[in-house]
Amino acid sequence: MAKKTPETVSINERSKDAALEKDRSDPTGQRLTTDLGVPVEDTDNSLRVGARGPTLLEDFHLREKIMRFDHERIPERVVHARGSAAHGYFQVYESLAEYTKAKVFQDPSKKTPVFVRFSTVAGSRGSADTARDVRGFAVKFYTEEGNWDLVGNNIPVFFIQDGIKFPDVVHAAKPEPHHEIPQAATAHNSFWDFVSLVPETAHMIMWIMSDRAIPRSFRMMEGFGVHTFRLVNAQGVSRFVKFHWKPVLGVHSLVWDESQKLGGKDPDFHRRDLWESIEKGHFPEWELGLQIIEEADADKLGIELLDATKIIPEELVPVRRVGKLVLNRNPTNFFAETEQVAFCTANVVPGIDFTDDPLLQARNFSYLDTQLTRLGGPNFNQLPINRPLAPVHNFQQDGFQRHTIDVGRANYFPNSLGGGCPFLASAEQGAYRHFPEKVTGEKIRKRAESFQDHFSQAGLFFRSMSKPEREHIILALQFELGKVEREEVRKRVVDQILVNIDSELATEVAEGLGLPVPVMTAVKGKIEKVAESLGVPRLDKSPALSMENQKKDSIKTRRIGVLIGDGFDAADLQATKAAIEKAGGELVLISRRLGTVKGSDGQSVKVDKSAVTTGSFEYDAVFVPGGAPSVAVLKKDGDSLHFIQEAYRHCKAIGVTKEAAELLQAGGLSASSPGVVVGAAGGQDFPEKFIEAIAQHRHWSRHDKDLIPA
Ligand code: HDD
């Protein structure tokens with residue numbers, strides 16, 4: 001027998017797609033068959049005795065069809081049930097061999113296939129995309145050395161420090177057990193009761209009450225690995241690392257009013273946005289950022305790296321951008337791919353390792369375990385979407401839904417009957433070797449003192465926000481706590497948590513809830529002392545935390561709603577359309593009814609959306625071209641006025657040309673307000689100014705916006 005050499009794979013961007021192709025089934029041009037390939041002649045009438053007689057048990061097609069239907073559902077994920085995913089690739093900019101031996105980080109010419117699933121956390125599979133919530137950001141890299149899963153969120157910290165509390169925080173956040181209310185919302189008694197009693201939630205609370213929890217799009221949010229991981233190089237040197245995903249389109253959010261309205265008008269807003277962008281060739285991109293910390297420097301930061309409720313401010317350790325993630329292909333089948341994909345934090349490859357973060361350690365168990373129920377047994381990694389591209393050989397065997405047909409009679413190690421195969425590899429040959437961290441200690445249930453500082457970074461976050469961002473956090477807390485029926489819970493959140501984060505925050509929230517303004521409690525002193533003893537540099541602000549400071553230089557893929565009626569100014573529309581499309585934006589024509597509208601040049605244009613099915617909250621900006629007949633109709637139309645007023649209230653860019661300026665007046669809107677761009681007849685610089693205004697995303701300084709009835 002010829003001697004075999006160990007299998008290896010060479011991976012390119014299309015490798016996973018090619019592997020999935022073998023499992024795809026395309027019915028085009030094919031006969032309808034049973035599950036066993038027997039052609040079917042009638043799938044509408046069950047087999048019966050006479051046309052009005054009893055159905056026969058013998059009808060195997062009926063039984064199979066109904067049986068299969070009855071068992072279509074699998075349990076949804078216990079958290080992150082609602083998700084959307086896409087395929088793509090990751091490419092490193094330059095070799096990171098100095099830091100890690102992971103092959104995915106060595107060769108800048110190599111594209112590693114990835115599958116990325118975004119999700120909300122609390123809601124069920126059918127819940128609305130725009131609920132206030134954390135977003136999951138889970139990336140599966142199909143590398144030559146096996147699958148690496150970076151299972152992160154769009155928020156860099158977590159609610160709790162130890163995984164043993166995960167069932168508690170999730171139970172508290174999910175619908176209450178007696179009546180299963182509310183769906184996809186933390187605005188209820190049990191969640192805030194938990195928060196009020198668990199101060200380690202404070203930092204995360206600031207993030208989820210901020211606009212980060214209502215992203216404009218999956219494509220416009222950051223991602224974070226959250227935990228501190230290790231990078232290990234070929235020499236065995238380990239460094240600590242935090243992983244970041246930085247969206248190329250910048251970080252942008254909805255406003256709360258939009259989120260709620262979208263929940264009704266388009267509950268699939270984020271899913272649709274991701275799908276359509278990829279279909280249109282606007283491939284979402286992120287840069288991978290690393291914060292690398294030398295082991296020797298870890299203590300000097302004064303931040304407990306094993307505490308998942310802490311960030312390392314970018315001002316202390318800059319984020320180095322090392323590669324690009326591009327999503328360029330939608331899944332073929334939602335269930336087979338997006339639903340059956342199984343991520344696990346324990347899926348690592350040589351060169352990437354864990355730390356003793358107690359949250360991460362518990363996750364490493366939970367993700368493996370949960371799939372047993374969700375995917376029905378231990379062979380879930382053989383499902384096409386989960387299967388690695390790297391070769392798999394071991395003596396794990398049998399179990400429900402085994403796909404592999406294992407060859408040979410030796411199924412134990414060591415063996416001689418199988419020639420000793422599969423044999424062990426050394427670390428030099430690519431085997432995973434855990435970093436030999438030195439550990440000593442007693443077995444105890446205790447958290448270190450360094451985990452006790454719960455408020456200083458929560459305060460840092462709040463202080464680092466711009467004024468509008470701070471106001472949004474306060475309003476979000478007033479909304480959430482306003483829905484809490486128990487006054488003692490509301491009060492405890494203010495008196496025990498918020499007051500220790502920031503007094504302005506606590507005071508404003510208390511006022512909105514009709515609670516007495518709280519006095520600073522003694523807890524503050526103790527916490528500050530712990531922070532001091534750790535030597536935490538007292539950063540007053542971390543500008544990197546504010547979305548206001550993110551880049552705003554592009555309108556790529558932005559959707560501009562255009563209100564038009566018959567007689568619109570065709571030249572205005574054409575000029576604006578050309579400029580916006582050149583800048584990468586998209587115009588969506590909205591009118592009273594579908595069909596066409598006629599412009600001033602006598603040409604008809606196709607309407608994209610009827611006003612009945614859409615609202616201003618689905619767009620990033622509004623444009624109204626001039627044209628007296630069109631404007632006259634819009635001015636008398638309540639929905640059109642509401643549309644533009646609502647966009648104004650949500651601080652979006654509004655562009656009007658010529659007669660359309662009258663619409664501002666009719667809606668009681670100020671033409672000189674920031675972000676409102678008025679183009680006079682023949683005004684040449686209108687498109688540029690409008691584009692500039694759209695790129696800003698919001699114009700928060702519209703002081704009169706709250707007076708607008710929308
Ligand atoms: Fe988790 C799913 C992210 C803490 C237990 N988690 C899940 C998903 C994401 C995260 C993105 C969805 C994956 C997918 O799309 O299939 N989880 C996080 C982050 C955490 C975190 C960033 C904190 C840093 N999770 C966490 C803890 C535990 C879990 C502490 C348990 C001890 N998470 C799960 C789970 C899920 C899950 C129950 C549900 C479905 C699944 O795993 O596959 O095992």
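The values are calculated or read from the model by the stated rules, or taken from the named source; none is laboratory data. The structure presented is a predicted model; accordingly, all values stated were derived computationally and were not measured. With ideal geometry, Cβ positions are generated from the backbone for all residues, glycine too; neighbour counts draw on all protein chains shown. Surface areas here come from the heavy atoms of the whole protein model, side chains and all, with no ligands, DNA or RNA. Shrake-Rupley method; radii C 1.70, N 1.55, O 1.52, S 1.80 Å.
Here are some notes:
- Filtered residue count, segment 376-391, keeping only those that are open to solvent by less than 30 Å² (accessible area, probe 1.4 Å), within 29 Å of D162 (Cβ to Cβ) and out of contact with any strand residue (DSSP E or B) (no Cβ under 9 Å at 6 or more places or on another chain): 1
- Checked against the criterion of being more than 13 Å from the chain's Cα centre (by Cα) and assigned to a loop (DSSP other than H, G, I, E, B), the candidates F158, F141, F194 yield just one match: F158.
- Number of the exception - E692 against (1) assigned to a helix (DSSP H, G or I); (2) surrounded by 19 or more Cβ atoms within 10 Å (Cβ to Cβ): (2)
- Of the residues L305, L262, L316, L288, the single one that is open to solvent by 40 Å² or more (accessible area, probe 1.4 Å), touching a residue at least 40 places away in the same chain (Cβ under 8 Å) and outside the structural domain of A544 (by TED's automatic domain parsing) is L316.
- Answer from A185, A173 - the residue that is within 16 Å of the ligand (Cβ to nearest atom) and more than 16 Å from the chain's Cα centre (by Cα): A173
- Some residue of segment 43-51 being in a loop (DSSP other than H, G, I, E, B), open to solvent by 70 Å² or more (accessible area, probe 1.4 Å) and closer than 26 Å to F335 by Cβ: yes
- Within segment 508-560, the residues that satisfy the criterion of being part of a helix (DSSP H, G or I), modelled with pLDDT of 90 or more and open to solvent by 40 Å² or more (accessible area, probe 1.4 Å) are E508, E511, G512, P543, E548, N549.
- Single condition V157 does not satisfy, out of (1) away from the ligand (no atom under 12 Å from the Cβ); (2) aliphatic (A, V, I, L, M); (3) within 30 Å of V326 (Cβ to Cβ): (1)
- For R239, the stated conditions hold: it is outside any loop (DSSP other than H, G, I, E, B), open to solvent by 10 Å² or more (accessible area, probe 1.4 Å) and in contact (Cβ under 8 Å) with a residue 40 or more places away in the chain.
- Qualifying residues in segment 218-229 (those that are within 16 Å of the ligand (Cβ to nearest atom) and not in a loop (DSSP other than H, G, I, E, B)) - the one surrounded by the fewest Cβ atoms within 10 Å (Cβ to Cβ): F224
- Hits in segment 64-94 (condition: open to solvent by less than 60 Å² (accessible area, probe 1.4 Å), more than 30 Å from G37 (Cβ to Cβ) and more than 16 Å from the ligand (Cβ to nearest atom)): Y89, F90, Q91, V92
- Qualifying residues in segment 144-154 (those that are open to solvent by 10 Å² or more (accessible area, probe 1.4 Å) and in a loop (DSSP other than H, G, I, E, B)) - the one farthest from the ligand (Cβ to nearest atom): E144
- Test result for G668, closer than 23 Å to A583 by Cα, over 36 Å from the mean Cα position of the chain (by Cα) and not in a strand (DSSP E or B): no
- The combined condition, being open to solvent by 10 Å² or more (accessible area, probe 1.4 Å) and part of a helix (DSSP H, G or I), is fulfilled by L475.
- Residue, farthest from the ligand (Cβ to nearest atom), within segment 160-170, restricted to residues that are under 13 Å from T201 (Cβ atoms) and open to solvent by 10 Å² or more (accessible area, probe 1.4 Å): D168
Yes/no per residue for (1) open to solvent by 20 Å² or more (accessible area, probe 1.4 Å); (2) not in a helix (DSSP H, G or I):
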position	(1), (2)
Q574	yes, no
E581	yes, no
I590	no, yes
K598	yes, yes
V612	yes, no
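- Extreme residue, nearest to the ligand (Cβ to nearest atom), among residues of segment 203-217 that are outside any loop (DSSP other than H, G, I, E, B) and open to solvent by less than 10 Å² (accessible area, probe 1.4 Å): M204
- Just one of the listed residues (T332, T355) is more than 20 Å from the chain's Cα centre (by Cα), of a type in the set (V, I, T), within 13 Å of the ligand (Cβ to nearest atom) and part of a loop (DSSP other than H, G, I, E, B), and it is T355.
- Yes/no for R402 being over 30 Å from I303 (Cα atoms), in a loop (DSSP other than H, G, I, E, B) and basic (K, R): yes
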